[in-house]
1. Consider only pairs whose beta carbons are under 6 Å apart and that are at least six residues apart or on different chains; among these, list those whose first residue lies in region B:210-222 and is under 17 Å from residue B:174 (Cβ atoms) and whose second residue is part of a loop (DSSP other than H, G, I, E, B).
2. Taking the options A:94, A:22, name whichever one is part of a strand (DSSP E or B) and closer than 26 Å to residue A:207 by Cα.
3. Do we have residue A:205 as of a type in the set (A, V, I, L, M), part of a loop (DSSP other than H, G, I, E, B) and under 20 Å from residue A:8 (Cα atoms) here?
4. Report whether or not residue A:71 is surrounded by fewer than 21 Cβ atoms within 10 Å (Cβ to Cβ) and free of Cβ contacts under 8 Å to residues at least 24 places away in the same chain.
5. Just to check your reading of the model, which residue among B:39, B:35, B:27, B:47 is facing another protein chain (nearest Cβ under 9 Å) and among the aliphatic types (A, V, I, L, M)?
6. For region B:176-186, indicate whether the set of residues that are out of contact with any Lys or Arg (no Cβ under 7 Å at 6 or more places or on another chain), assigned to a helix (DSSP H, G or I) and within 14 Å of chain A (Cβ to nearest Cβ) is non-empty.
7. If you go through region A:201-216 one residue at a time, do you hit one that is over 15 Å from the mean Cα position of the chain (by Cα), buried (at least 20 other Cβ atoms within 10 Å of the Cβ) and within 11 Å of chain B (Cβ to nearest Cβ)?
There are 2 protein chains.
Amino acid sequence: MNTLIVYAHHEPSSFTSAMKNLATEVLSRQGHNVLLSDLYTQGFNPLAQKWDFITVTGEHFNYMLEQKHAARLDWAFSPDIVAEIQKVKEADLLLIVSPLWWLSVPAILKGWFDRVLAMGVAWDNDKIYENGLLRGKQAMLIAAASHPTDYFQESGHHRATPIQILHPINHGTLAFCGYSVHEPFVAMNVLAVTDEVRAQILHDLQYRLEHLLDSPQWLIRY
Amino acid sequence: MNTLIVYAHHEPSSFTSAMKNLATEVLSRQGHNVLLSDLYTQGFNPLAQKWDFITVTGEHFNYMLEQKHAARLDWAFSPDIVAEIQKVKEADLLLIVSPLWWLSVPAILKGWFDRVLAMGVAWDNDKIYENGLLRGKQAMLIAAASHPTDYFQESGHHRATPIQILHPINHGTLAFCGYSVHEPFVAMNVLAVTDEVRAQILHDLQYRLEHLLDSPQWLIRY
């Protein structure tokens, strides 16, 4: 099975990096082919711009419609987008490994969603959700949050659970493209945990990853 | 009253642009001082990077902790961040005017949240939500969605209402910093509406903006 890990943290000593390394290790050990998009290291550009397309059609620039046009011309996108699209198409499993910033992903990863999961490539007019163009593939979000668990409750500071908070990503982005989406793995309080708790969280993640295929925990299943 | 409009669309003929122009017009006519951050035009960089700080303290780069350090040194951020922070501090009202991409804001605007609403400037350890450092200010999100209204229901394609979908922004970002947050204004189906419907939506927005201060519709009030 081909897996693509899209990773969005600067720092090799971060908790997010540890989770990315663990995922790479576990999936490789299981014999999967693991591709990596290390967004900061590869200098991924998150800006949706006119020069993302070989030709721009409309008098009125609409990014989404230009994506559809470029997709029709056999992926007439800029080379950095084509490279990512190829990885997405090859991967049976997409793992998004990211810190949570503002209850969402950092701009560099939001830009990856904006530019790579293009109209005409990942979805189209009637090709969304259970009919999304990436149907048949699986995705899972692995995130690191700096706040403790009690913030992430309807009665907590954030007034919402992780599943509610991550709805725009798990449902509105991944499922929208047709991915079957695993329950996300969210590590809490990562800047403050003891070494013991840190090891326990990584152990829990390892268990989830080792059993991802034989006992999947689906959030959304197509 | 000082208003800052943060605007995130490329195209002057877009619905988002029309809403931004209307907001500028209405608030100026009411005698408010209107500042604009036109993110694409000013080439705003959404990437959170080491060179956002005059000095980097930690051996392990943590963006949030570097923000706190830079804030302590009288805003030792890169000049583009300082310019935006100054506008945020001056503005009594923040209007975010953006298209909805992936049930969220485009990367360029997510990067503005990531880089400008810095730890030590907009919030701090015990200074979040009702104690956020921007307490006393108001904010409102004005968004354009390409999908029709029936997508934005718990029984609709997106399986959530606009308020649920926008929770990470209205609650987790704006309220987190201490802003009192107005009910968002979300224009639906903007690529497909007739001229008549378009005019009606803009009329509704005009009414909301004209009465923003004398009869506010609060989503979150501190």
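The values are calculated or read from the model by the stated rules, or taken from the named source; none is laboratory data. Not measured: the values here are computed from a predicted model. Heads up, the Cβs are rebuilt from the backbone with ideal geometry, glycines too, and the neighbour counts pull from every protein chain shown.
1. The qualifying pairs are B:217/B:183; B:219/B:183; B:222/B:135.
2. On the way: A:22 fails: part of a strand (DSSP E or B).
It is A:94.
3. Values: of a type in the set (A, V, I, L, M): yes; part of a loop (DSSP other than H, G, I, E, B): no; under 20 Å from residue A:8 (Cα atoms): yes.
Taking the combined requirement at face value, the residue does not satisfy it.
4. Details: surrounded by fewer than 21 Cβ atoms within 10 Å (Cβ to Cβ): yes; free of Cβ contacts under 8 Å to residues at least 24 places away in the same chain: no.
No: the conditions fail for residue A:71.
5. Only one candidate passes the filter, namely B:47.
6. To start, the set of residues in region B:176-186 that are out of contact with any Lys or Arg (no Cβ under 7 Å at 6 or more places or on another chain) comprises B:176-177, B:181-184, B:186.
Retained after the next criterion (residues that are assigned to a helix (DSSP H, G or I)): B:176-177.
Filter again for within 14 Å of chain A (Cβ to nearest Cβ), leaving B:176-177.
Yes: region B:176-186 contains one or more residues that are out of contact with any Lys or Arg (no Cβ under 7 Å at 6 or more places or on another chain), assigned to a helix (DSSP H, G or I) and within 14 Å of chain A (Cβ to nearest Cβ).
7. For region A:201-216, residues over 15 Å from the mean Cα position of the chain (by Cα), buried (at least 20 other Cβ atoms within 10 Å of the Cβ) and within 11 Å of chain B (Cβ to nearest Cβ): absent.
Okay, residues lined up against (1) free of Cβ contacts under 8 Å to residues at least 12 places away in the same chain; (2) away from chain B (no Cβ under 11 Å); (3) closer than 14 Å to residue B:164 by Cβ; (4) out of contact with any His (no Cβ under 7 Å at 6 or more places or on another chain):
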{"position": "A:125", "(1), (2), (3), (4)": "yes, no, no, yes"}
{"position": "A:129", "(1), (2), (3), (4)": "no, no, no, no"}
{"position": "A:150", "(1), (2), (3), (4)": "yes, yes, no, yes"}
{"position": "A:159", "(1), (2), (3), (4)": "yes, no, yes, no"}
{"position": "A:165", "(1), (2), (3), (4)": "no, no, yes, no"}
